[in-house]
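Trainee: The structure follows.
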Amino acid sequence: MNTAVLFETEIKRVTPKPKVVTATVDPRVAVVIPFRTGSAGILGKNTKIIAGRRLWHWSWMTAMKAELVDLILVTTNDEPSLQYGRPDARRRGEGLKPTHFIRRPAELATEEAPLDAAIIHAIDEVNFTGTVVVLQPTVPVRAEGLVDECIRSFWQFPVSGSLVTVNRLHFVWDIGGRLTNGPRVNRQDMETSQERFAEDGSVFVTDSQVLRETGQRVVEPVLLFETARTVDIDTEQDWRFAEDFLLRL
């Protein structure tokens, strides 16, 4: 059985609960929300208003509600967003989780720049060590309590390099029209070896040391956390779907 699938199956059988923290598990948790100006899909989408709030605000609010989160790092090259980090702006947020607004260097804010490099830059700016959670602002809709569940599950499986939220797929075809996980059977009769999953972009969890050593937020063995389907905004149609859902909250 595939290791990642084994982990995901185990999660389904048990209710995630906090791991007893040992010397090998740093209980501090930082959420990183990375975004930049410009977009290949929807121009300036991360700072556009959707359902009454800027798109990145929805991920910030999710982080604020998570019980296990100690610190929030917003890394961006968007000047208006960086103004939230001014002392007078921070005073308006008294009683909320500490949030640092970090200026993303120009070389890390291009289309070609790897996102993981910007995340590492953010945690280095505040010398953070512990569990790192990445919330992509292009996914504004997440299930209530999802972040805390992902953190607890990651702590339960310390052998894993990272956790990624996923959606289960049925049959998957390649570009040549070939079925990659046949034979075709009823969904309930599929073998474990046939199961396929797709990242949904909701939550990524890893350890700061692993992140720094590998330069990546997704490191094998990967713990797959199956969650409800959501929308990762890339097109105008995605935007309309997400806005419709958010307005119903």
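The values are calculated or read from the model by the stated rules, or taken from the named source; none is laboratory data. Values in this document were obtained by computation on a predicted structure and should not be read as measured data. Cβ atoms come from the backbone with ideal geometry, glycine included; neighbour counts cover every protein chain shown.
Trainee: Could you list, in sequence order, all residues of segment 200-249 that are closer than 29 Å to F128 by Cβ, touching a helix residue (DSSP H, G or I) at 6+ places or on another chain (Cβ under 9 Å) and assigned to a helix (DSSP H, G or I)?
Mentor: Our first condition is that a residue be closer than 29 Å to F128 by Cβ; within segment 200-249, this holds for 200-227, 230, 232-233.
Filter again for touching a helix residue (DSSP H, G or I) at 6+ places or on another chain (Cβ under 9 Å), leaving 202-208, 211-212, 214-227, 230, 232-233.
Those that are closer than 29 Å to F128 by Cβ, touching a helix residue (DSSP H, G or I) at 6+ places or on another chain (Cβ under 9 Å) and assigned to a helix (DSSP H, G or I): S208, L211, R212, T214.
Trainee: Another question about this same structure. Identify, from the list L96, L135, the residue that is under 14 Å from the mean Cα position of the chain (by Cα) and closer than 18 Å to V29 by Cα. Lay out the reasoning, then the answer.
Mentor: Values: L96 fails: under 14 Å from the mean Cα position of the chain (by Cα).
So the residue among L96, L135 that is under 14 Å from the mean Cα position of the chain (by Cα) and closer than 18 Å to V29 by Cα is L135.
Trainee: Identify the residue in segment 200-245 that is touching a Lys or Arg at 6+ places or on another chain (Cβ under 8 Å) and among the aromatic types (F, W, Y) and, among all such residues, is surrounded by the fewest Cβ atoms within 10 Å (Cβ to Cβ).
Mentor: Result: W239.
Trainee: Within segment 210-217, is there a residue that is of a type in the set (D, E) and under 24 Å from R196 (Cβ atoms)? Walk me through how you get there before you give the answer.
Mentor: The first filter runs over segment 210-217 and keeps only residues of a type in the set (D, E), leaving 213.
Those left that are additionally under 24 Å from R196 (Cβ atoms): none.
No, segment 210-217 contains no residue that is of a type in the set (D, E) and under 24 Å from R196 (Cβ atoms).
Trainee: Name the residue, out of N127, N186, that is polar (S, T, N, Q) and over 22 Å from V32 (Cα atoms).
Mentor: Among N127, N186, only N186 is polar (S, T, N, Q) and over 22 Å from V32 (Cα atoms).
Trainee: Taking segment 42-65 on its own, how many of its residues are within 14 Å of R240 (Cα to Cα) and either out of contact with any Ser or Thr (no Cβ under 8 Å at 6 or more places or on another chain) or in a loop (DSSP other than H, G, I, E, B) (or both)?
Mentor: First, the residues of segment 42-65 that are within 14 Å of R240 (Cα to Cα): 42, 45, 48-52, 55.
From the residues that got through so far, the ones that are either out of contact with any Ser or Thr (no Cβ under 8 Å at 6 or more places or on another chain) or in a loop (DSSP other than H, G, I, E, B) (or both) too are 42, 48-52.
Of the residues in that region, 6 qualify.
Trainee: May I pose another question? I'd like the full set of residues that are of a type in the set (V, I, T) and either touching a His at 6+ places or on another chain (Cβ under 9 Å) or under 28 Å from V141 (Cβ atoms) (or both), limited to segment 152-209. Full working, then the answer.
Mentor: First, pick out the residues of segment 152-209 that are of a type in the set (V, I, T): 159, 164-166, 172, 175, 180, 185, 192, 203, 205-206.
Listed by number, the residues that qualify are V164, T165, V166, V172, V203, V205, T206.
Trainee: Here is a further query. Among (1) among the charged types (D, E, K, R); (2) within 19 Å of H57 (Cα to Cα); (3) touching a helix residue (DSSP H, G or I) at 6+ places or on another chain (Cβ under 7 Å), where does E195 come up short?
Mentor: (2)
Trainee: Would you confirm whether or not segment 81-96 contains a residue that is on the phi > 0 side of the Ramachandran plot, at pLDDT 50 or above and not hydroxyl-bearing (S, T, Y)? Outline the logic, then answer.
Mentor: First, pick out the residues of segment 81-96 that are on the phi > 0 side of the Ramachandran plot: 95.
Next, only the ones that are at pLDDT 50 or above stay: 95.
Cutting the leftovers down to not hydroxyl-bearing (S, T, Y) gives us 95.
Checking segment 81-96: at least one residue is on the phi > 0 side of the Ramachandran plot, at pLDDT 50 or above and not hydroxyl-bearing (S, T, Y).
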